[in-house]
Amino acid sequence: MKLLLSLFVLLISTAAPAADPSFTWPHGEHAAIVLTYDDAVPSDLTVAIPQLDHAGLKGTFFLMGKAMHVEDLPRWRAAAASGHELANHTINHPCARGTYEMPVQYNSESYSVDVLLSEINTMNVLLTAIDGQPKHALATPCEQTKVGSGADKKDYIAPLQASGLVTYIRDSSVPVTKLPVPKVTSIGFVGTSDADMIAWVKEVEKSGGIGIIVFHGVGGDYLSVSAEAHQQLLDYLTAHRAEIWTAPYSEAMNYVVKHAH
Ligand SMILES: [Zn+2]
């Protein structure tokens, strides 16, 4: 199950939009890094957020409703109040049959576009009840964008964008060719060493673009990186604040979209 699940997070997407030579990062940094954490895993609250808080960095947490617990709500609320971003990762995390084991009624083949949009709306209500924000970004479960099966299989990105339910969709909502930054890159780190993560960040810095990192567990849970490696990455980012702007996903996207033509 984990092997299959890891396939999608190892996908690397890169796009090279037409850069605007006059584009600058907010405080003259060379590049931007976005730290995102998927699935509302327990180590978000026990490891990732405490490490981020200690480093003075903010991350984005794509929460899925089915993994959340009432007793954790005060901690999620406090995380949001302190500047971390909470975002939508649906409630039931529907993925195509065979991606990983789940009840068949939650496979994306069993969904329609309307049913998925309704679920995303319900997750929005939950998020707004926690953080008070009127709108949220979304990350597609398993980075898949189709629901239904056979002749009824449909891509939900366009109807989701048209619905106005979410602001950005990680990796697929903003036509990157219209962004002013030289490069938009995203990567999922699974079992990656601190040296390899930092080397990737250095490449992003060299590009002058924006690098979006997808984490799942940190020091536990699944598809994880070690707590030590994550800490080393944060230490690197804090030591290089002048060169690298680390920002929550929507804040970074708002900035680059504002500077798009
Ligand atoms: Zn996920």
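The values are calculated or read from the model by the stated rules, or taken from the named source; none is laboratory data. Predicted, not measured: the structure shown is a model, and the values here were computed from it. Cβ coordinates were reconstructed from backbone atoms using ideal geometry, including for glycine residues, and neighbour counts include every protein chain displayed. Calculation scope for accessible area: heavy atoms of the full protein, side chains included, ligands and nucleic acids excluded. Shrake-Rupley method; radii C 1.70, N 1.55, O 1.52, S 1.80 Å.
Out of the residues in region 142-161 meeting the condition of being open to solvent by less than 10 Å² (accessible area, probe 1.4 Å) and touching a strand residue (DSSP E or B) at 6+ places or on another chain (Cβ under 9 Å), tell me which one is nearest to residue 110 (Cα to Cα). Result: 148. Of the residues making up region 181-228, those that are over 15 Å from residue 43 (Cβ atoms), among the acidic types (Asp, Glu) and either within 16 Å of the ligand (Cβ to nearest atom) or free of Cβ contacts under 8 Å to residues at least 60 places away in the same chain (or both) number 3. Just one of the listed residues (244, 210) is touching a His at 6+ places or on another chain (Cβ under 8 Å) and either modelled with pLDDT under 95 or surrounded by 18 or more Cβ atoms within 10 Å (Cβ to Cβ) (or both), namely 244. Of the candidates 201, 176, the single residue that is modelled with pLDDT under 95, under 28 Å from residue 21 (Cβ atoms) and not basic (Lys, Arg) is 176.
The set of residues from region 59-77 being within 13 Å of residue 46 (Cα to Cα) and either outside any helix (DSSP H, G or I) or of a type outside the set (Phe, Trp, Tyr) (or both) comprises 72, 75. Looking at region 95-141, which of its residues are open to solvent by 10 Å² or more (accessible area, probe 1.4 Å), touching a Phe, Trp or Tyr at 6+ places or on another chain (Cβ under 8 Å) and assigned to a loop (DSSP other than H, G, I, E, B)? Once the filter is applied, which keeps residues that are open to solvent by 10 Å² or more (accessible area, probe 1.4 Å), touching a Phe, Trp or Tyr at 6+ places or on another chain (Cβ under 8 Å) and assigned to a loop (DSSP other than H, G, I, E, B), region 95-141 yields only 99. With the structure loaded, tell me whether residue 223 is of a type outside the set (Gly, Ala, Ser) and farther than 19 Å from residue 85 by Cβ or whether it fails that test. Criteria met by residue 223.
Of all residues in region 41-69, those satisfying the criterion of being among the hydrophobic types (A, V, I, L, M, F, W, C), closer than 16 Å to residue 122 by Cα and either open to solvent by less than 10 Å² (accessible area, probe 1.4 Å) or out of contact with any Asp or Glu (no Cβ under 9 Å at 6 or more places or on another chain) (or both) are 62, 63, 68. Search region 215-232 for residues being under 17 Å from the mean Cα position of the chain (by Cα) and within 14 Å of residue 198 (Cα to Cα), and hand back the single one that is surrounded by the fewest Cβ atoms within 10 Å (Cβ to Cβ). So the residue we want is 225. Restricting to region 131-145, and then to whatever is of a type in the set (S, T, N, Q) and more than 13 Å from the ligand (Cβ to nearest atom), can you tell me which residue is nearest to residue 113 (Cα to Cα)? Ranking the qualifying residues of region 131-145, first place goes to 145. In region 247-261, is there at least one residue being crowded, with 18+ Cβ neighbours inside 10 Å, out of contact with any Cys (no Cβ under 9 Å at 6 or more places or on another chain) and farther than 24 Å from residue 168 by Cβ? No, that holds for no residue. Within region 80-91, the set of residues being open to solvent by 30 Å² or more (accessible area, probe 1.4 Å) and in a loop (DSSP other than H, G, I, E, B) comprises 82, 83, 91.
Among the residues of region 2-9, is there at least one that is open to solvent by 30 Å² or more (accessible area, probe 1.4 Å), within 16 Å of the ligand (Cβ to nearest atom), at pLDDT below 95 and part of a strand (DSSP E or B)? Within region 2-9 (the criterion being open to solvent by 30 Å² or more (accessible area, probe 1.4 Å), within 16 Å of the ligand (Cβ to nearest atom), at pLDDT below 95 and part of a strand (DSSP E or B)), the answer is no, since none of the residues qualifies.
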